[in-house]
Amino acid sequence: MFYREAGDFKTSYSDDSQTFPIKFDRYRYYVVLLVAFAVVPFIINDYWVNAVFLPFLIYAIAAIGLNILVGYCGQVSLGTGGFMAVGAYACYKLMTSFPEISIIIHVILAGGITAGVGVLFGLPSLRIKGFYLAVATLAAQFFLVWLFNRVPWFYNYSASGQISAPERTVLGVPVTGAETQPWAGYLICLVFVFACAIIARNLTRGMAGRKWMAIRDMDIAAEIIGVNPLKAKLSAFAVSSFFIGISGALFFAVYLGAVEVGEVFGITKSFLVLFMVIIGGLGSIFGSFAGAAFLVLLPVLLKNVLVGAMGWPTDLAAHLEFMIVGALIILFLIAEPHGLAQLWRVAKEKLRLWPFPH
Amino acid sequence: MPEQLVFATEVFLNGLMAGVLYALVALGFVLIFKASGIFNYAQGVMALFAALTLVGIMEGQVPFAHLINAIFGTEIHHFGWHVPGLVAIILTMVIMVALAWIVNTLIFRHLVNQEPIILFMATIGLAYFLEGFGDIMWGSDIKKLDVGLPQGINLWIDETTFNIFDYGFFIDNLDIVATVVAALLVVALVIFAQYTKQGRAMRAVADDHQAALSVGISLNFIWVMVWSVAGFVALVAGIMWGTKSGVQFSLSLIALKALPVLMLGGFTSIPGAIVGGLVIGVGEKLFEFAIGPLVGGATENWFAYVLALIFLVFRPQGLFGEKIIERV
């Protein structure tokens, strides 16, 4: 019924290789975009933006970045929090050093700086593999957080050791600082998410993505068929860190406004983003969105139900959340290692045949 | 002796003691990894859980008191009795064995033959679960653990060194006890692995699951046993660290301290865990002593990781690890 390719004739190569080749899928995608850009900004309020939309969008970028590294290239990284911190601090330094330049350029440059740092910490991946590498990336996590905590230059010698975003505008509308309207912050993040998702999607289905997947599936075999592991692994680290850096910059500048590095970009952040990737689905851009949405909504939901409706103390709800997240991770790894994205694929396949069973 | 050198010696000795505690945690990792190929990130949380349970039993706390109070509106906290330390330790061990069985049956039996990295992520999930579970069961406030281990400065060492160097070394009694316990534990584990029937079966399983199965070794039994032994090591580590700095959430972070120890020593080697622990314990204390003041201090957070990272680039299998041979 839905998702049928029948009757959808392609008359050119570009038609044939578009991102959503099935008509129904394509229209659904346009509708989602339309709603996200043209409807949501008018109806959201402060609570929804700060509790749901901003974290969802920003984590989605981080999850896409990590998914490129873990899901597509097979290099597990636990340094996401540290790389997000690089993005945040790079953005802060740029914002305060060059106030006349647009914040959009700052955020992109922050991504670029994070990419450089990511490549540096990705170098050991050429020698060590699997969870040895996962543990090695923890070095990045701890070292970077310590660096931003201890070297005053990074936080402009402020007395509190925090960084806080000065007010910046895009097209005359403030997007950072206290004056920000909910819809402005939402839209700026949405634009970045949209751009990142398109770039990631096209990178992963092109030559670069195929090289990454070859390295993931078997690096020795990939090397033999002519994939340069040095370039493939380091480019995965660079692209992944670029996205993570952008998300870190947005997380600091647009979402939080003020950041204390050890608290915000600690190791729990690394795990959170990794969980998003696992629950959403390794090696899937859609999965990154699904995972981010799931893990952003779950605590909000639990809090509203347990604390709001049933009157439990907040710490109990927080502990229960830990248990549920942990159990879900295990459950997904056992029952559906490809995550929510696979469930979505199965559902699509079912919808394609519906209402007929075969 | 010049003054700086005397200070450095004291720092060195304290580093050795800290290293022993790291090694103690690292041992638990090595055991599970050798026998089942699972890199158990939850080891630190297991130590926390064991310590929480031990305190809970000793104090006669009602398990899940918060949860029960929240649901039924009651006000229960304690049974009102106190259990002596040794009995509580035995009871905790029973719980750890039960936990080992549950973990094996519910989780890792279903993940046999998966890639190591999947198993690793599953243990991260387990760590999260246990963390929440432990807190719900026993409450998340900081608890004091006292099973009668000696604590405080060792006066004998203080006096002796004062007579020799005119400067008394500060060495905690607890660290000395921990060193002795760790040494005993290592000897016991080596004897267990080398000379007992179950220990040999464990090593056989580590070598080759299928071959072990074909000579009649029960994989399930061995896995439960290995997780129980790891639970036992976690309990010992939990007692030591819990006595030192109280039973609290940060106890679970010792797993993060043990990871670089493992990388340095090699994941598959018991001596590696010991040597790695000592190298990192001494290294980070000396580094903090010599370089720390120049760069703003608190280098202990990352020194071990960066050391292990640089080391791994030159020797990917660690100091004592088995050479990694890749076949296509």
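Computed from the coordinates by the stated procedures, all read-outs in this text should not be read as laboratory data. Values in this document were obtained by computation on a predicted structure and should not be read as measured data. Note that each Cβ is placed from the backbone with ideal geometry, even for glycine, and that neighbours are counted across all protein chains shown.
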(message) Please give the Cα centre distance for region A:93-131 versus region B:44-112, rounded to the nearest Å.
(response) 45
(request) Enter the Cα centre distance for the pair region A:137-154 and region A:323-358, rounded to the nearest angstrom. (result) 38
(request) Can you spot the lysines whose alpha carbon is less than 28 Å from B:Lys34's alpha carbon? Ignore those fewer than 8 places along the same chain. (result) A:Lys129, B:Lys197, B:Lys257, B:Lys323
(message) What do you get for trypsin sites (Lys or Arg not before Pro) in region A:130-215 restricted to DSSP loop and a cutoff of at most 16 other Cβ within 10 Å of the site's Cβ?
(response) A:Arg205
(request) May I ask for the percentage of alpha-carbon pairs in region B:21-68 that lie more than 13 Å from each other? (result) 65
(request) Using Cα positions and a limit of under 29 Å, work out the lysines in reach of A:Lys10, with same-chain residues fewer than 8 apart set aside. (result) A:Lys23, A:Lys211, A:Lys348, A:Lys350
(message) For region A:45-266, compute Rg over Rh where Rg is the Cα radius of gyration and Rh is the Kirkwood radius from the inverse mean 1/r over Cα pairs.
(response) 1.00
(request) For region A:1-101, calculate the relative contact order in percent as a whole number, restricting contacts to Cα pairs under 8 Å that are 6 or more residues apart. (result) 13
(message) Calculate the FRET efficiency for B:Phe72 and A:Tyr30 from the Cβ-Cβ distance with a Förster distance of 60 Å, rounded to the nearest 0.05.
(response) 0.70
(request) Please report the orientation-averaged projected area of the protein assembly as shown, defined via the convex hull of its C-alpha atoms, in nm². (result) 36.3
(request) Pop a pseudo-label 7 angstrom from the Cα along the beta-carbon direction at both B:His110 and A:Glu349 and give the gap in nm to one decimal. (result) 2.0
(request) Give the residue from A:Thr137, B:Ala204, B:His77 lying farthest towards the positive end of the charge dipole for the protein assembly as shown; charges sit on Cβ (+1 for Lys and Arg, -1 for Asp and Glu) and the dipole is referred to the Cα centre. (result) B:Ala204
(request) Quick one: net charge around B:Leu13, please, counting Lys, Arg +1 and Asp, Glu -1 for every other residue with C-beta under 11 Å from its C-beta. (result) -2
(message) Could you work out the relative contact order of region B:3-314? I mean the mean sequence separation of Cα pairs under 8 Å and 6+ apart, divided by the number of residues, in percent.
(response) 37
(message) If the elastic network links every pair of Cα atoms under 10 Å, which of A:Glu336, A:Glu179, A:Glu260 fluctuates the most in the Gaussian network model of chain A?
(response) A:Glu179
(message) Quick test of the membrane-span-like rule: which DSSP H helices of chain A reach at least 18 Å along their long axis (C-alpha atoms) with mean Kyte hydropathy at least 1.6?
(response) A:54-67, A:103-122, A:182-204, A:267-280, A:285-302, A:314-335
(request) Scan chain A and report its longest stretch carrying no chymotrypsin sites (Phe, Trp or Tyr not before Pro) that are both in a DSSP loop and have at most 10 other Cβ atoms within 10 Å. (result) A:158-358
(message) Treating only the Cβ of Lys, Arg, Asp and Glu as charged (+1, +1, -1, -1), what charge dipole size does the protein assembly as shown show about its Cα centre? Round to the nearest 20 debye.
(response) 2220
(message) Please compute the modelled spin-label separation between B:Phe192 and B:Ile176, points set 7 Å along Cα→Cβ, answer in nm with one decimal.
(response) 2.7
(message) Quick check: convex hull of the Cα atoms in region B:12-135, volume per residue, rounded to a whole Å³?
(response) 143
(request) Report, in whole Å, the centroid distance computed from the Cα atoms of region B:261-293 and region B:158-214. (result) 16
(request) Calculate, axis by axis, the spread of Cα positions in region B:204-328 along the three principal axes, and write the results as whole Å, longest axis first. (result) 60, 41, 21
(request) Could you work out the Rg to Rh ratio of region B:3-314, with Rh taken as the Kirkwood radius (inverse of the mean 1/r over all Cα pairs)? (result) 1.00
(request) Can you put B:Leu130, A:Leu316 in order of Cβ neighbours within 10 angstrom, beginning with the fewest? (result) A:Leu316, B:Leu130
(message) Can you show me the helix-derived [θ] at 222 nm for chain A, built from DSSP H runs with n ≥ 4 at -39,500 (n - 2.57) apiece and divided by the number of residues, rounded to the nearest 500.
(response) -20500 deg cm²/dmol
(request) Would you look at the GNM of chain B, springs on alpha carbons closer than 10 Å, and say which of B:Phe267, B:Phe29, B:Phe129 moves the most? (result) B:Phe129
(request) Within 10 Å of each Cβ in peptide B:303-311, how many partner chain Cβ atoms are there on average? Round it to a whole number, please. (result) 5
(request) Treating only the Cβ atoms of Lys and Arg (+1) and Asp and Glu (-1) as charged, compute the dipole magnitude of chain A about its Cα centre; round to the nearest 20 debye. (result) 820
(request) Specify the residue with the greatest mean-square fluctuation among A:Leu340, A:Leu274, A:Leu34, computed from a Gaussian network of chain A linking alpha-carbon atoms under 10 Å apart. (result) A:Leu34
(request) Over chain A, calculate the relative contact order: mean separation of alpha carbon pairs under 8 Å at least 6 apart, over the residue count, as a percent. (result) 29
